[in-house]
């Protein structure tokens, strides 16, 4: 006998609307700010972008009041990465750069939470990053702001505080690969579909958080998110 499982589709809130944004895949651009590339010990030269993915279970919708995520297992170096996130609203296959933003439904403030020690060990061994990057509750996301209301932000402050102290602060203009360029490049390899999210990279200043820490971050014109770290999630 065949059993079919009907799993709920992950969704993200849309600012000012009762409807929600159904989420498909989560793509992330790696090392997309020069200063962050340098702090990771890499050459910030403008080479072709690279991407990694997170599972749908990584998504954690962050309401205006904030939310809490657990400190994950198997790490002693759980780090924050604040990011601009683009929400794809229509199918994008091999789109030129000058048409790429037509496929963006909106933008949000997101966090790419990382088990840095696991990521670094895997990277140094030439192995995949999944245990360091692609795990449950590793992609908190604030409400999506429709592009028809906020436009397509190409500049503006992006920042993160931990317990009131500034950790990350930069400008969206510092992106090595713009949102349009990243979408155009990625869509040449795999068509983006409505519901996909693109985390566009983090500025310098990434660092560890511990149980009890409170992160607050934002992007000019897109609002703020607040995420608290609770005790270790022992599997």
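Any read-out appearing in this document is the output of simple, stated calculations on the displayed coordinates, not a laboratory observation. Remember, predicted model here, so these are calculated numbers, not experimental data. Neighbour counts are summed over all protein chains in view; Cβ atoms, including those assigned to glycine, are modelled from backbone coordinates with ideal geometry.
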Looking only at the stretch 88-97, decide whether some residue is under 18 Å from residue 199 (Cβ atoms), surrounded by 23 or more Cβ atoms within 10 Å (Cβ to Cβ) and within 18 Å of the chain's Cα centre (by Cα). yes
Does any residue of the stretch 60-75 turn out to be crowded, with 17+ Cβ neighbours inside 10 Å and within 16 Å of residue 182 (Cα to Cα)? no
With the first residue restricted to the stretch 67-94 and required to be in contact (Cβ under 8 Å) with a residue 12 or more places away in the chain and at positive phi, and the second required to be crowded, with 23+ Cβ neighbours inside 10 Å and part of a strand (DSSP E or B), Cβ contacts under 8 Å at 6 or more apart or on different chains are 74/115
Here's a check for you: in the stretch 155-196, which residue that is in contact with a strand residue (DSSP E or B) (Cβ under 8 Å, 6 or more places away or on another chain) and assigned to a helix (DSSP H, G or I) is surrounded by the fewest Cβ atoms within 10 Å (Cβ to Cβ)? 174
Candidate set from the stretch 206-221 (those that are in contact (Cβ under 8 Å) with a residue 60 or more places away in the chain and part of a loop (DSSP other than H, G, I, E, B)); member that is surrounded by the most Cβ atoms within 10 Å (Cβ to Cβ): 209
Checking the structure you have, find out if any residue of the stretch 112-120 is in a loop (DSSP other than H, G, I, E, B) and either out of contact with any strand residue (DSSP E or B) (no Cβ under 7 Å at 6 or more places or on another chain) or crowded, with 21+ Cβ neighbours inside 10 Å (or both). yes
Taking the stretch 141-152, which residues are in a loop (DSSP other than H, G, I, E, B) and either free of Cβ contacts under 8 Å to residues at least 60 places away in the same chain or more than 29 Å from residue 229 (Cα to Cα) (or both)? 151, 152
